[in-house]
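Notes for the one structure printed next.
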Amino acid sequence: MAILVRLDDLLHERRITLTELSERVDITLANLSILKTGKARAIRFSTLEAICEVLQCQPGDLLEFAMDEAAGKAERDRRP
Amino acid sequence: MTSRYGTALSASGAALRVLIVLNLLLGLGIFALLAASLVAPEWTMAALGARVDLNPALLTGGRAIMLVGICSVPLAHIVLSRLLAMVETVRHGDPFVGENAVRLNRIAWALLGLEMLHLVAGIVSAAASTRTAPLGIDWSFSVTGWLAILLLFVLARVFAEGARMRDDLEGTV
């Protein structure tokens, strides 16, 4: 997916573990792991808001659009 | 309530398994009858109560109806086996999957085939019967079957869309 989740970097910078974040944002550890590993298909605004509030960051700090991957995917989709 | 629901599902699964076996046995029976009509036509048609002496077309008509019957066996098998697979997914608590949408679609196509064969049987019956010596097939046109096919095609599409939405929801954090 062309959207990269930078949760791991943010957790490292803030010195917070995933378990701690899970307790503070009230989202299961399993769901946060899915988000962290980039396996999530979508993210709710409420989840985004809760994470940004705890990590004191902007949505743009958590998510990144990878132009190269998007171009690669478009190329793959174009192939017959 | 849940246990009653589980019992109903188990009963449906068992009934479908029995119907699958009965369908295959019926196919074998019709095949044997067709073979008998080729080996001993007079005896077979007399046993079926068809007056071939009054109407010789009954023999060809009867064989054509048997052939229609044999063709309907694999189609009925598709309907029953796919339905059983769907019941099993409900029993395992995960019916909203893409495979079930495909199964519903196949059931709809198989039912369409069965309705077409039903029409063929009606045409053969009308062509072979005379007033004095009818083929004896109790045939009537039914709109319900065609409506059920239409409903199944629509439901298969709805199911596919529902399964896709559930997949999306499962990946939502």
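The values are calculated or read from the model by the stated rules, or taken from the named source; none is laboratory data. Just so it is clear, the structure is predicted and the values come from calculations on it, not from any experiment. Here the Cβ is made from the backbone with ideal geometry for all residues, glycine too, and neighbour counts use every protein chain on show.
Go through (1) of a type outside the set (Gly, Ala, Ser); (2) within 18 Å of residue B:169 (Cα to Cα); (3) part of a loop (DSSP other than H, G, I, E, B); (4) touching a residue at least 24 places away in the same chain (Cβ under 8 Å) and name the single condition residue A:39 misses.
In the conditions (1) of a type outside the set (Gly, Ala, Ser); (2) within 18 Å of residue B:169 (Cα to Cα); (3) part of a loop (DSSP other than H, G, I, E, B); (4) touching a residue at least 24 places away in the same chain (Cβ under 8 Å), residue A:39 misses (4) alone.
When only residues in the stretch B:156-173 that are away from every other protein chain (no Cβ under 14 Å) and charged (D, E, K, R) count, which is surrounded by the most Cβ atoms within 10 Å (Cβ to Cβ)?
Out of the qualifying residues, it is B:157.
Among (1) within 30 Å of residue B:53 (Cα to Cα); (2) modelled with pLDDT of 90 or more, where does residue B:100 come up short?
(1)
Here is a yes/no grid of residues against (1) loosely packed, with under 15 Cβ neighbours inside 10 Å; (2) hydrophobic (A, V, I, L, M, F, W, C); (3) more than 22 Å from residue B:167 (Cβ to Cβ):
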| site | (1), (2), (3) |
| --- | --- |
| A:6 | no, no, yes |
| A:9 | yes, no, yes |
| A:17 | yes, no, yes |
| A:22 | no, no, yes |
| A:27 | no, yes, no |
| A:37 | yes, no, no |
| A:46 | yes, no, no |
| A:76 | yes, no, no |
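Residue B:66 is checked against (1) in contact with a helix residue (DSSP H, G or I) (Cβ under 9 Å, 6 or more places away or on another chain); (2) assigned to a helix (DSSP H, G or I); (3) more than 14 Å from chain A (Cβ to nearest Cβ); (4) farther than 27 Å from residue B:47 by Cβ and fails just one. What number does that condition carry?
Checking residue B:66 against (1) in contact with a helix residue (DSSP H, G or I) (Cβ under 9 Å, 6 or more places away or on another chain); (2) assigned to a helix (DSSP H, G or I); (3) more than 14 Å from chain A (Cβ to nearest Cβ); (4) farther than 27 Å from residue B:47 by Cβ, the one that fails is (4).
Per-residue answers, yes or no, for (1) part of a helix (DSSP H, G or I); (2) modelled with pLDDT of 90 or more; (3) crowded, with 17+ Cβ neighbours inside 10 Å:
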position	(1), (2), (3)
B:16	yes, yes, yes
B:42	yes, no, no
B:46	yes, no, no
B:51	no, no, no
B:55	no, no, yes
B:62	yes, no, yes
B:78	yes, yes, yes
B:89	yes, yes, no
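Looking for whichever is touching a residue at least 12 places away in the same chain (Cβ under 8 Å), out of contact with any Ser or Thr (no Cβ under 7 Å at 6 or more places or on another chain) and of a type in the set (D, E, K, R) here; the options are B:131, B:51. Which one fits? Let's see the steps before the verdict.
Values: B:131 fails: touching a residue at least 12 places away in the same chain (Cβ under 8 Å).
Matching residue, one of B:131, B:51: B:51.
For residues that are assigned to a helix (DSSP H, G or I) and either within 14 Å of chain A (Cβ to nearest Cβ) or within 18 Å of the chain's Cα centre (by Cα) (or both), tally how many sit in the stretch B:116-155.
The total comes to 18.
With A:32, A:62 as the choices, which residue is of a type outside the set (Ser, Thr, Tyr), within 14 Å of chain B (Cβ to nearest Cβ) and more than 14 Å from residue B:172 (Cβ to Cβ)?
A:62
Check whether at least one residue in the stretch A:3-21 is more than 10 Å from chain B (Cβ to nearest Cβ), part of a loop (DSSP other than H, G, I, E, B) and touching a helix residue (DSSP H, G or I) at 6+ places or on another chain (Cβ under 6 Å), and report yes or no.
So far as the stretch A:3-21 goes, yes, one or more of its residues are more than 10 Å from chain B (Cβ to nearest Cβ), part of a loop (DSSP other than H, G, I, E, B) and touching a helix residue (DSSP H, G or I) at 6+ places or on another chain (Cβ under 6 Å).
Which of the residues belonging to the stretch B:141-173 are touching a Gly at 6+ places or on another chain (Cβ under 8 Å) and farther than 28 Å from residue B:90 by Cβ?
Hit for the stretch B:141-173 is B:141, nothing else.
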